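> So that we are looking at the same thing, I have put the structure below in C-alpha cells.
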Amino acid sequence: MARYKLLLLLVLILGLLTGCKVVPEEKIYDIMEQTVVKEKDFEKQQKPLTELESKEKKIFEEIMDLGMKDMEQMTKLANLALDNLKERKEKMELEQQSMNASKKEFSKIEDPIEKIESKQLKKEAQDLFQLMEKRYAFHDRLYEAYNKGIETNIQLYELLMKKDVSMDDLENQIEITNKAYSEVLKMNEQFNEQTKKFNDEKKKFYKLAKINID
C-alpha cells in the first residue's frame, strides 16, 4: 500500500510538471519581453540627448553671431559646447550598453525557435529574429556615426578657440561636421524604421502563436 501511494504521488508530480511545461512560443514571448526591460536605459537617454542637442545648436548659433569680435566670449561658449558634447557622448555610451544587454538577452531566442513544431510559426519566428538582428546592426552603425559626429564637432569648437584660425579651415570643418551629422540622421531614420518593422512583426507573431498581450 505504501508503494502504491508513492507511485501515485510520482504520477501526480509528473502530471503537474507536464501541465506546467512552457511551450517554445511562450519562452520566446518571455525573452522578447525581457529585451524590452533591457532597453529601458536606452529609452531614458532619448529625451536628455535631444535636449542636449538643442542646447548645443543654440550655443553654435550664438558663436556664429559673435563672429571673431569677442574671442573671450567665443571661448567661453565653445567650452560650454565641449562640455555638452562630453555629456552627450556619455549618454550615447549608456544607450549602447543598454542595446548590447538587449542583444545578449535576445540571443537566447534561437534555441526555443528550433523547438517550435509549427512550420509556419517557426518561419515567422525566424523572420522576427532576423529583423531584430538587423535592428541591432543599424544601432551599432548609428552609435559609430554619432560618436564620429561628436568628434568632428569637438574639432570644430577647438578650431573656434584659436585666434589665428583661417576661414577656410573653419568652413572645411563645418562641412565635415555637417556631413557627419547627415550620416547620423540617415542611420537614425533606418534604425527607427527597422524598429517599427520589428514591432509590427512581433504583434503578428504573438497573434499567430495565440499569445495574449493585453
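The values are calculated or read from the model by the stated rules, or taken from the named source; none is laboratory data. From a predicted model like this one, the values you see are computed outputs, not experimental measurements. Because the Cβ atoms are built from the backbone with ideal geometry, glycine has one as well, and the counts that use them run over all protein chains shown. Surface areas here come from the heavy atoms of the whole protein model, side chains and all, with no ligands, DNA or RNA. Shrake-Rupley method; radii C 1.70, N 1.55, O 1.52, S 1.80 Å.
> State the extension gain, in nm to one decimal, for the chain segment bounded by residue 44 and residue 208, taking 0.36 nm per residue of separation less the distance between their alpha-carbons. Present the calculation step by step, with values, prior to reporting the outcome.
Details: separation 164, 0.36 × 164 = 59.04 nm, distance 3.17 nm.
The span from residue 44 to residue 208 would gain 55.9 nm if fully extended.
> Note the listed values [x] 66, 40, 33; [y] 101, 37, 26; [z] 78, 40, 29, then indicate which one is Cα extents along the principal axes in Å calculated from this particular structure.
Recomputing Cα extents along the principal axes in Å here picks out [y].
> If you don't mind, there's one more thing I want to ask. Let me know the Kirkwood hydrodynamic radius for region 52-156, please, with Cα pairs as the basis and the value in Å to one decimal.
On the way: mean 1/r = 0.0590 Å⁻¹.
Roughly 16.9 Å, rounded to one decimal.
> If you line up the long axis of helix 119-160 against the longest principal axis of the chain, both from Cα atoms, how many degrees apart are they, to the nearest 10?
With rounding to tens, the tilt is 20 degrees.
> For region 24-47, list residues with backbone N below 19 Å from a point placed 7 Å from the Cα of residue 100 toward its Cβ?
Backbone N within reach: 35-46.
> Loop only by DSSP, 14 or fewer other Cβ within 10 Å of the Cβ. Give me the trypsin sites (Lys or Arg not before Pro) in region 66-131 that pass, ordered by residue number. Write out the running numbers ahead of the final one.
Values: sites: 69, 76, 86, 88, 89, 91, 103, 104, 108, 115, 119, 122, 123; in loops: 69, 115.
Passing both the DSSP loop test and the Cβ count: 69, 115.
> Quick check: residue separation of residue 154 and residue 140 times 0.36 nm, minus the Cα distance between them. What number comes out in nm?
Numbers: separation 14, 0.36 × 14 = 5.04 nm, distance 2.13 nm.
The span from residue 154 to residue 140 would gain 2.9 nm if fully extended.
> When ligands, DNA and RNA are left out and all protein chains stay put, how many square angstrom of accessible area per residue does the chain have with a 1.4 Å probe?
On the way: 14130 Å² over 214 residues.
That works out to 66 Å² for each residue.
> Averaged over every viewing direction, what's the projected area of the C-alpha convex hull for region 31-89? Give it in nm², one decimal, please. Spell out each step's value before the answer.
Numbers: hull surface 17.3 nm².
Value for region 31-89: 4.3 nm².
> Now for a separate question. What is the ratio of the Cα radius of gyration of region 100-159 to 2.2 N^0.38 Å, with N the residue count, to two decimals? Show your work: numbers first, answer last.
Values: Rg = 18.2 Å, N = 60, 2.2 N^0.38 = 10.4 Å.
For region 100-159, the normalised Cα radius of gyration is 1.75.
> Moving to a separate point now. Using all alpha carbons of region 63-116, what is the percent of pairwise distances in each 10 Å bin, ordered from the shortest bin to the longest?
Spelled out per bin, shortest first, that is 20, 22, 18, 15, 12, 8, 4, 0.
> Would you work out the relative contact order for region 56-214, in percent, from Cα pairs under 8 angstrom that are 6 or more residues apart? Please list the in-between numbers first.
Details: 104 pairs, mean separation 44.2, N = 159.
Relative contact order here is 28 percent.
> Once the piece of chain linking residue 62 and residue 165 is laid out straight, how much longer is it, given 0.36 nm per residue of separation minus the C-alpha distance between them? Show your work: numbers first, answer last.
Details: separation 103, 0.36 × 103 = 37.08 nm, distance 1.83 nm.
Gain on extension, residue 62 to residue 165, equals 35.3 nm.
> Using a 1.4 Å probe on the protein chains only, how many percent of the accessible area of region 91-132 belongs to carbon and sulfur? Before the final figure, lay out the partial values.
Numbers: 1120 of 2400 Å².
Here carbon and sulfur together make up 47 percent of the probe-accessible area.
> Please determine, in degrees from 0 to 90 and to the nearest 10, the orientation of helix 24-38 with respect to the longest principal axis defined by the Cα atoms of the chain, where the helix direction is its Cα long axis.
Compared with the principal axis, the helix lies near 30 degrees.
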